[in-house]
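*Asks:* This is the structure, below, for whatever I ask next.
The values are calculated or read from the model by the stated rules, or taken from the named source; none is laboratory data. Computed from a predicted structure; not experimentally measured. All accessible areas refer to the heavy atoms of the entire protein, side chains included, with ligands and DNA or RNA removed. Shrake-Rupley method; radii C 1.70, N 1.55, O 1.52, S 1.80 Å.
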Amino acid sequence: EAGLRGLGGAGFPTARKWQAVRAGAAPRYLVVNADEGEPGTFKDRHYLETAPHRVLEGALASALAVGAAAIYVYLRDEYPGLHAVLREAIAELEAAGLVAPGFIVLRRGAGAYICGEESALIESLEGKPGKPRHRPPFVAEAGLFGRPTLVNNVETLYWIPLLAAGAAFAGEGRRRRSGLRSFSVSGRVNKPGVHLAPAGITLRELVDEHCGGLQPGHRLLAYLPGGASGGILPAALADLPLDFDTLQPHGCFIGSAAIIVLSDQDDLRAVADNLLAFFADESCGQCTPCRLGTEKLLALLRTDDWDVARLQALAQTLRDASICGLGQAAPNPVSSLLRFFPAELARAGVRLHAGPPARDAGELQP
């Protein structure tokens, strides 16, 4: 009834996940995805630092709902302080007799972006290289140790105790779309940080009402609505609702709501280069389209002659043939630049054309 959805990026309805896992044969497991690796996202760290017991209570409620035999918390290794926080919180639960010793298992992540993908995370939990599995079967049917597994994001679990206490999650906020969302906001704003706001708020409203406006001397040029993988939108679209299923017509998505605000003092070509280099470096290498495609796309991006048809064909190959979301989302920055920012590219010295790049007479000599 609350309409709670997964808040790690995919937005799958939480209740449907619970039902799917509960329908599987015991033993069943719950995995807490605390591998917050999307550039620009830090809301999960915030909630684990400020309310670790609330997150664990949400995990225990989820485990009760699906009849889980154990809970595995997969925590990003780049959050070393949180390891101590969670170890202490889990020990307190055990000392209070609320959970049996060993029921909640805390595991360190391997420092790989790809392990944010649930099947790669499970592979890593099992002691194997963190590489996505082919699906089907989905992890709800055959996940950790081959058993039905529920994978929930930290923020999703954070909301569950509030819902159990009667909080009107879906009815909060003036827009009454999908309840409240935690926006990780960084970039050219006066008050970066985690801001709780109604789902469906616009970028302009979020910046003005929650982030203290843009920094002095900066004019809004563009923004990333969903971190590195969510694409780039222009200032002209700053009045779009920031919610699930509202940005796809523009080639973008909200994901984990990592909002990165860019101004007229930022170089969008350099931004896209940075994002593509990240994806090329973090590709697990399992599938050829992602392994080679991200590197090829980055190499083409670093030239001054952009064959638009070639770039678009390579981007489509990555989307169609990559095993997981990393390869499927990697072309989004480039596709966004081609779609919304041709004038910015021209000012950055990029020549867009529909065929092989023009060569001068010197290049034609033997």
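*Asks:* With springs only between Cα atoms under 10 Å, which of 140, 321, 238 fluctuates most in a Gaussian network model of the chain?
*Replies:* Evaluated over the chain, the most mobile residue of the options is 321.
*Asks:* Counting only protein heavy atoms and using a 1.4 Å probe, what share of the accessible area of the stretch 255-358 belongs to carbon plus sulfur, as a whole percent? Before the final figure, lay out each step's value.
*Replies:* Details: 2290 of 4440 Å².
So the carbon and sulfur contribution to the accessible surface is 52 percent.
*Asks:* Another question, if that's okay. Over the heavy atoms of residue 128, what accessible area does a 1.4 Å probe trace out, to the nearest 10 Å²?
*Replies:* Approximately 90 Å² for this residue.
*Asks:* On to the next question. Quick one: of the DSSP bridges fully inside the stretch 217-366, what percent are antiparallel, nearest 5?
*Replies:* Numbers: 6 of 10 bridges.
Beta bridges within the stretch 217-366, antiparallel portion: roughly 60 percent.
*Asks:* Between their Cα atoms, which of 17/131; 128/191; 43/296; 131/296; 17/43 are more than 29 Å away from each other? Mind showing how you got there, number by number?
*Replies:* Working: 17/131 22 Å; 128/191 41 Å; 43/296 33 Å; 131/296 21 Å; 17/43 22 Å.
From the list (17/131; 128/191; 43/296; 131/296; 17/43), the Cα-Cα distance tops 29 Å for 128/191; 43/296.
*Asks:* Please express the Cα-Cα pair-distance distribution P(r) of the stretch 180-263 as a list of whole percents, one per 5 Å bin, running from 0 to the bin with the greatest distance.
*Replies:* 3, 17, 32, 29, 15, 4, 0
*Asks:* What per residue convex hull volume, in Å³, comes out for the stretch 5-165 when only alpha-carbon positions are used?
*Replies:* Details: hull volume 17.1 nm³, N = 161.
Here the figure is 106 Å³ per residue.
*Asks:* Per residue, how large is the accessible surface of the stretch 5-165? Use a 1.4 angstrom probe and give square angstrom. Kindly include the intermediate steps, with their values, before the conclusion.
*Replies:* Details: 6790 Å² over 161 residues.
Accessible area per residue: 42 Å².
*Asks:* Moving to a separate point now. Using helices alone, I'd like the mean residue ellipticity at 222 nm for the chain: each DSSP H run of four-plus residues gives -39500 (n - 2.57), total over residue count, nearest 500. It would help to have the intermediate numbers written out before the result.
*Replies:* Working: 14 runs with 142 residues, N = 366.
Using -39500 (n - 2.57) per qualifying helix, the result is -11500 deg cm²/dmol.
*Asks:* Another question about this same structure. Considering just Cα atoms, how many Å³ per residue does the convex hull of the chain enclose? Each step should come with its number before you reach the end.
*Replies:* Working: hull volume 52.9 nm³, N = 366.
Taking the convex hull of the Cα positions in the chain, it is 144 Å³ per residue.
*Asks:* Only bridges whose two residues both fall in the chain count here: according to DSSP, what percent of them are antiparallel, nearest 5? Mind dumping the intermediate values first?
*Replies:* Details: 15 of 40 bridges.
Bridges in the chain are about 40 percent antiparallel.
*Asks:* By Kyte-Doolittle mean hydropathy of at least 0.0 and Cα axial length of at least 15 Å, which whole DSSP H helices of the chain are selected? Mind dumping the intermediate values first?
*Replies:* Values: long enough: 52-66 (21 Å, 0.87); 80-95 (23 Å, 0.44); 154-164 (16 Å, 1.26); 268-282 (21 Å, 0.66); 288-301 (19 Å, 0.57); 308-321 (20 Å, 0.19).
Helices meeting the span and hydropathy rule in the chain are 52-66, 80-95, 154-164, 268-282, 288-301, 308-321.
*Asks:* With the contact rule set at Cα under 8 Å and sequence spacing of 6 or more, what percent relative contact order holds for the stretch 39-186?
*Replies:* Values: 167 pairs, mean separation 39.5, N = 148.
Dividing the mean separation by the residue count of the stretch 39-186 yields 27 percent.
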